[in-house]
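One structure is given here, and the rest of the page talks about it.
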Amino acid sequence: MGSSDVAANRSLLRWVHKPAGRKTTSIPSRDLSFLLRMMNFDEQTLDASFAALEDEARRAAAWLASPEAVENFRLEWLGRKQGRLKQLGDAWLKTAPLEAKKTLGQRFNALKTLVEGLLEDAAGAGPSNEALAAEALDITLPGTRRLTGAEHPITRTMNELIGIFAGLGYSVGVGPEVETDFYNFESMNFPPGHPARDTQDTLVIAGQERRPLRDRLLLRTHTSPVQMRTMEQMAPPIRIVIPGKVHRNDAADATHSPVFHQVEGLCVDRNITFSDLKGTLDHAMKALFGSAVKTRFFPSFFPFTEPSADVQISCIFCAGKGCRKCKQSGWIELLGCGMVDPAVFAFAAEKQPAYDPKEISGFAFGMGVERIAMMKYGVSDIGQFYQGDVRFLDQFA
Amino acid sequence: MKILTKWLRQYLPTLTVDDATLAEDLTLRGIAVEGVFDLGAGNGSLFEMDITTNRVDAMNHYGVAREAATIYGLPLAPLGFPLPEAKDGAGFPVEIEATDACGRFTARVLRGVTIGPAGAGMLSSQMAGLFRLLEQKQISNAVDASNYAWLAMGQPTHTFDLDKLVGGIVVRRARKGETLKTLDGVERVLDPEDLIVADHVKPLALAGVMGGWESMITQETRNVLVEAAWFDPVAVRRTARRHGLHTDASHRFERGADFNAGPLASALVVSIILESGGEIEGELVDVQVAAQQARTAARQPVLLALKQVQRILGTTLEAEGITAAAVEGILSSLGCGLSADGEGQWQVTLPSWRLDLDREIDLIEEVARVYGYNRFANTLPAFAGAVRHLPHAEADGVLRATLRAAGFHEAISSTFCSAADAGLCAPQPGLVVPLGNPLSEEAGVMRASLVPGMVTMVAGNLNRDVADVRLFELGAVFSGSTEKVEERPALAIGLTGSVGQVGPHQAPRVLDFYDLKGVVEQIVARFQAKSVYFDTFPAEAGITPQWLHPYRSARVVVDGSTVGWLGQLHPRLAAERKMKAPVYMAELYAERLYRQALARPAVRELSRFQPVRRDFSLVLPPAAHWAQLDEVLGQTGIPELIDWRVREVAREGKAVAGLAAGEYSLLLGATFQATDRTLRDEELQAYSAAVLQAVSQVGGRLRA
Ligand SMILES: [Zn+2]
C-alpha cells in the first residue's frame, strides 16, 4: 500500500465512533438454582415458585437496554439447553409426582408466554444510545462481495454492436459454422480458383474432394454466407447484423487466431446508397468508440461488394495525433464494407426474384470482434480470449 | 511492390505535388502507399505499395502514373520506343495451337547482338540509374531489359537464344512424357495440361511462368528471339500450381495481362538490347486469336447511365453532386472511351489493361474511387420496419444471465478437439466429423462436445495456480458425417476449488457436486416443464458418459427428454490432466432445453396468516433417497404443507448412537400455512402425523 493510501485510511478512521468504555447494560440475575432442587410439588409451592420466577423475569427484563442484553435474557430463560425453563422443566418433570405433572406443563407454557412477551417489549423499546455505541463497526474493512460471473469480452462486444445496430433497425441473423462452398464462396462472387478457396487459407471437412465444388463443406471463413442465406429466405427490405464464429487456416500469434468472431451487416432496400453506408458506419463507430471518433473510407476490394471500402477510425489512443498503436498515422483500420455486388443479388434472385439489382441496392460490412475488443479493453494477445483464464475473465466481471 | 517517384514523374511531366501528397492521394484512391522513403536530393522517394489483387494493372510505374494523371487531371506521357529499320527477313514462324489459352504471341528476331552488361545508350543509362535507386541488381542487357519492361509496364517478356530454336514457335499443350529443364535448373516432367512454348521439336518454356534452360540467353548468344505474349489466366495458374512455381510473369498472367502491351514491351526490350549492338531482322511477328481479343482488348462497350451512378452512390458533400462532366473526365483519363448514347447515358469502351472492368457497376466504382470516397456525405437511410428477434436469443440470454449471477465466467474455447477426446465425450461417438486439413492432431475433428474444451480450460487454470474456477461455455457442437454436418447449441459448466474468500467476514467454502447440481437446477427452472428429474445409472450399464465419475454423476431429464449430464469429472481423466482437486462438470444439450418455453413469473396469492414451521429429525434406511422422500411428501395431499426441504443430512459412515448400521439422519423442515385461517394445534398435529406416515413409506422414522 502506498503512503497516500495510508493517509486516506487514517482520515477514514476518524469517522469511526469509539465507544467510551463499556457500561453495564443489565443487572446480575438472581440465583434461583434452589428451585432446581425443589421436592415439594403441591399447588401452593408451585404457585409461589412460579410467582418468584415471573417476578425475577419482570425484574430482569426491566433492565434490558441492548440487543445483546435482550439476547442474553432470552438465552437465560428460553435457551434450548441451558435455559431456566428447560432446566427446571427437566428437573421437575423427573421428580414431580404424576398428578403435579399435569399442571406443570400449563404453568411452564404460561411462564414461557410471559417471558416471550417481555422479550417482545424489550425489543420494541429499542436499544439505548450507549447500546448503539457499543455496536460500532470498522466500516473501513472491505465489504463482503458476492462474486458474479463475467460476460465474455467477445460476447460483450458483439452484444454492444448488436445493440447499436438494433437502434438503426437491424435484426440479428445467424448461420452455421460449417458451410458449403456455395454459400461461403460461390454465392459471394468468389471466382473459381480464388486463393481464399485454397486449403492453405480455409479449413475444410475431410473427404470433400469427390463432391461437386459448390457442395463441399468447409468452416466458414467469414459471416458473409449468412447474407445469402437471409436473402434467400426473405425479400427486401433487409436489415440484419450477423454475429458469429469464423475460422481460417492461420497460425496463431498475438493478433491472429484460427478461430475468431465477426459481426457482419447487410442492408438492402430501394435507394440504399454509398453515402448511406458511410453514414451508417460513421454513426456506429461513434456509438462504439465515442462521438469524437472520425471515420474515413478507402477504396478496397472484396468479391461480394462494389464499390468496396476499408474504413479507418481516428486513433482512439491518441485522438489522431499519432502514437505507437496507430503507427504514428493517427488512424486505425477497422472494417471492410461496400455496396452489394449485383452478382450477389443475382444469386439471391434465383430464389427471391425481388433482388433485382436494377430496382434495389444495398450495402454490407464486416468487422473483426476480437480486434475491436482488443482495442476497447487493451488486450494485447488475442489468444487470451480462448483460454478461459479466470484471471483474465475476472477483469470483465 | 516498390515504386520510384522519379520514374513516375518521367510519365507525368506536369506533376507538381510533392511525394508525400502524392502518396496520400494515391492511397485515398485505393492505390495504397504503405511507406514513403526519401532517397535523397534529386532522387525522389521510394513508395512501398500495397495494391489489391484486382488492380494488377497498377502494379508497375506506368500504371501508377496513370492513376496519378487521373486524380490530378494531368496529361500522361504516351509510351513509345522508336526502333531502327529492320533488315530484310521473314521473321520467325509462330503458330498458336492452344488458341483457348494463348491470345497473342509476338516475336522479333535480333541478329548480331552482344550479351553482357547493359550498354551506355540513353535508355540503358536511365535504366541503370533507376535500378540503382530500386536496389535492383543488374545482370545482363537482355535480362535487365526484360526486368525494365516489367517494372515500367507490368508486361512479362522473354528472350530466347534463337540458335537453339528449331523450325518455329508453337504455343501448345505439353505431350505426355515431355520434359523441360526450367531456368531454375529443375528438370520437369510435363503434364498434358501444361501450356508450353515449344519449337518444332521440343518444349522451350512453361508459357507465362518460366523459360527453359536450354534456350536461355548466355554470353555466347548472338541471335535472339524476343517474346511478348498474352496467356490465359486460368491456364497459367494451373501450370504454375502444378509445378509449384510463382513468378512475376505468372503473377501477372494469372490476374490478367494487357492484351495490347506486347508490341510496346517488345520494342522497349529490343531498344535496350540494341544499345549494345545488333540489328532487327524482319518485321514483328504478331499472331492473335480473335476470340481472345474479343474477350479482352475488344470487349463490348458497357452502357453507363448517370442516374445509376447517382442511385448507387448517393449524396456528395458538394451540392452539385456527381456530374456528367465528372464521369467523363474520370473514365476517359483511366483509358475508357465514352460516346453519348441518349440523355445522361454513354457507351463506354474498356481499356485493354483493365480486365477487372466489365459491368456498369465497375465503372460506377471507378467514378466513386477517383472522385474520392470521403467527398460523399454521411447519410442514414430511412427505415420503417421492426427489429425481429432470433428464436433462441432470449433463451441464450437467460442461460448467460443465470450463470453469471451464479458466479460463472463465460469462456470461449476452440471449435476443434482431438479424435480421442471426441471419442470419449461425444454423445454419439460414431458421428464425429473429421477435418480435411486440421491445424494439428489435437484439433483433428469438429468438437462433438464442449467437455474437452472445458477440461482444457479448467486444467489450464489449475496449471497457472488458479485454484478456484467457475466457467461456462455456450457454443455449437457438431455431429454427422463428412456429407452432412449437424450443429447444435450446447452448454458446458465447469467448476473446481472454492468460492474464493469474498471478504474477511466469511471463510472460503469448498465447491462440490451440489454446487454444480444447484446451478443446473437454476437453469432448468428458467424453462417451463411438467417434470424435471435427475437420475443415475449403474456403472456397468454403460449409459453414463465416460468423462463422468460413475458414482457421482447424474442425468437431467426434462419432460422425458435427456437434456444433459453432470457430475464429478472422472478422477482418472482428471489425473491424466494432472488435476488434483475434484473437478465438476456438466454438459447440457441447450437445443433440447430450448424446446421448452421460457418460464414466465406467475404470482400466487400470498397468505396473510402465519406460517408454522416444524422440523422433523428423521432416521432413514441406507437405500432411501431424498427423491423418494420428496415424492411421498408430495403425495400427502395437504394443501397447507406449502414447503418442505432438507435442513441437514448426515451420512456418517460410522456407527452413531440410536442408528442401525447404514442408517442416516436427516432433518426435514416443513412449513404449514393456510390461505384462509390460522392453523390450530389439532390440525398441525394431524399434518405432522401425515408427514411421519409418509416418511414411514420409505422406511424412515422419527429419531428418538
Ligand atoms: Zn494513435
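The values are calculated or read from the model by the stated rules, or taken from the named source; none is laboratory data. Source: prediction; values computed, not measured. With ideal geometry, Cβ positions are generated from the backbone for all residues, glycine too; neighbour counts draw on all protein chains shown. When the accessible area is computed, the model is the full protein with side chains, heavy atoms only, and any ligands, DNA or RNA have been set aside. Shrake-Rupley method; radii C 1.70, N 1.55, O 1.52, S 1.80 Å.
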Restricting attention to segment B:373-395, the residues that are modelled with pLDDT of 95 or more and more than 7 Å from every other protein chain (Cβ to nearest Cβ) number exactly 1
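Taking the criterion of being in a helix (DSSP H, G or I), open to solvent by 30 Å² or more (accessible area, probe 1.4 Å) and within 10 Å of chain A (Cβ to nearest Cβ), would at least one residue in segment B:467-480 satisfy it?
No, because not a single residue in segment B:467-480 is in a helix (DSSP H, G or I), open to solvent by 30 Å² or more (accessible area, probe 1.4 Å) and within 10 Å of chain A (Cβ to nearest Cβ).
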Within segment A:163-175, residues being closer than 21 Å to B:GLU473 by Cβ and at the interface with chain B (Cβ under 9 Å from one of its Cβ atoms) number 2
Taking segment B:377-416 and the residues there that are assigned by TED's automatic domain parsing to the domain that holds B:LEU435 and of a type in the set (Phe, Trp, Tyr), the one that is farthest from the chain's Cα centre (by Cα) would be B:PHE408
task = Taking A:LEU114 as the residue in question, decide whether it is within 14 Å of chain B (Cβ to nearest Cβ), touching a residue at least 12 places away in the same chain (Cβ under 8 Å) and open to solvent by 30 Å² or more (accessible area, probe 1.4 Å).
result = no
Of the residues in segment B:353-364, those that are open to solvent by 10 Å² or more (accessible area, probe 1.4 Å) and touching a helix residue (DSSP H, G or I) at 6+ places or on another chain (Cβ under 9 Å) come to B:TRP353, B:LEU355, B:ASP356, B:ARG359, B:GLU360, B:ILE361
Of the residues in segment A:306-357, those that are among the hydroxyl-bearing types (Ser, Thr, Tyr) and more than 16 Å from the ligand (Cβ to nearest atom) number 2
Of all strands (runs of 3 or more DSSP E) fully inside segment B:485-587, the set with 1 or more residues that are within 14 Å of chain A (Cβ to nearest Cβ) and either free of Cβ contacts under 8 Å to residues at least 12 places away in the same chain or within 30 Å of A:ALA206 (Cα to Cα) (or both) is B:485-496
Margin query: It is to be established whether one or more residues within segment A:280-292 are surrounded by fewer than 18 Cβ atoms within 10 Å (Cβ to Cβ), away from the ligand (no atom under 16 Å from the Cβ) and hydrophobic (A, V, I, L, M, F, W, C).
Written below: yes
Log entry, pairs with first residue in segment A:317-328 being within 16 Å of A:LYS294 (Cα to Cα), second being more than 6 Å from the ligand (Cβ to nearest atom) and open to solvent by 80 Å² or more (accessible area, probe 1.4 Å), beta carbons closer than 6 Å, six or more apart or on different chains, reads A:GLY322/A:GLN328
If you go through A:ARG239, A:ARG229, A:ARG214, the only one that is more than 30 Å from A:GLY383 (Cα to Cα) and either assigned to a loop (DSSP other than H, G, I, E, B) or at the interface with chain B (Cβ under 8 Å from one of its Cβ atoms) (or both) is A:ARG239
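Results for (1) free of Cβ contacts under 8 Å to residues at least 24 places away in the same chain; (2) open to solvent by 50 Å² or more (accessible area, probe 1.4 Å); (3) part of a strand (DSSP E or B); (4) touching a Pro at 6+ places or on another chain (Cβ under 9 Å), shown as yes or no for each residue.
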{"position": "B:PHE383", "(1), (2), (3), (4)": "yes, yes, no, yes"}
{"position": "B:HIS389", "(1), (2), (3), (4)": "yes, yes, no, no"}
{"position": "B:ALA401", "(1), (2), (3), (4)": "yes, no, no, no"}
{"position": "B:ARG404", "(1), (2), (3), (4)": "yes, yes, no, no"}
{"position": "B:ILE412", "(1), (2), (3), (4)": "no, no, no, no"}
{"position": "B:GLY423", "(1), (2), (3), (4)": "yes, no, no, yes"}
{"position": "B:LEU439", "(1), (2), (3), (4)": "yes, yes, no, yes"}
{"position": "B:MET454", "(1), (2), (3), (4)": "no, no, no, no"}
Within segment B:426-437, residues open to solvent by 30 Å² or more (accessible area, probe 1.4 Å) and either at the interface with another protein chain (Cβ under 9 Å from one of its Cβ atoms) or touching a helix residue (DSSP H, G or I) at 6+ places or on another chain (Cβ under 6 Å) (or both) come out as B:PRO429, B:VAL432, B:PRO434, B:GLY436
**Item:** Residue check, A:GLU264 within 30 Å of the chain's Cα centre (by Cα), touching a residue at least 40 places away in the same chain (Cβ under 8 Å) and more than 22 Å from B:GLY453 (Cβ to Cβ)
**Value:** yes
Selection from segment B:304-330 of residues open to solvent by 70 Å² or more (accessible area, probe 1.4 Å) and either of a type in the set (Lys, Arg) or in the same structural domain as B:ASP232 (by TED's automatic domain parsing) (or both) yields B:LYS307
- Query: Any residue in segment B:204-222 that is open to solvent by 20 Å² or more (accessible area, probe 1.4 Å), without any contact (Cβ under 8 Å) to a residue 60 or more places away in the chain and over 21 Å from B:ASN147 (Cα atoms)?
  - Reply: no
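Each row is one residue, and each column tells you yes or no for (1) assigned by TED's automatic domain parsing to the domain that holds A:SER49; (2) within 15 Å of A:ALA57 (Cβ to Cβ); (3) among the aliphatic types (A, V, I, L, M).
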residue: A:LEU78; (1), (2), (3): yes, yes, yes
residue: A:LYS94; (1), (2), (3): yes, no, no
residue: A:GLN106; (1), (2), (3): yes, no, no
residue: A:THR113; (1), (2), (3): yes, yes, no
Selection over segment B:242-267 where residues are part of a helix (DSSP H, G or I) and surrounded by fewer than 23 Cβ atoms within 10 Å (Cβ to Cβ) yields a count of 7
Reported set for segment A:132-162 where residues are acidic (Asp, Glu), more than 7 Å from chain B (Cβ to nearest Cβ) and part of a loop (DSSP other than H, G, I, E, B) is A:GLU135, A:ASP138
Residues of segment A:185-208 being at the interface with chain B (Cβ under 9 Å from one of its Cβ atoms) and either over 27 Å from B:THR53 (Cα atoms) or assigned to a helix (DSSP H, G or I) (or both), in sequence order, are A:PRO195, A:ILE205, A:ALA206, A:GLY207, A:GLN208
Looking at the structure I just gave you, is B:SER665 open to solvent by less than 30 Å² (accessible area, probe 1.4 Å) and over 15 Å from B:PRO611 (Cβ atoms)?
yes
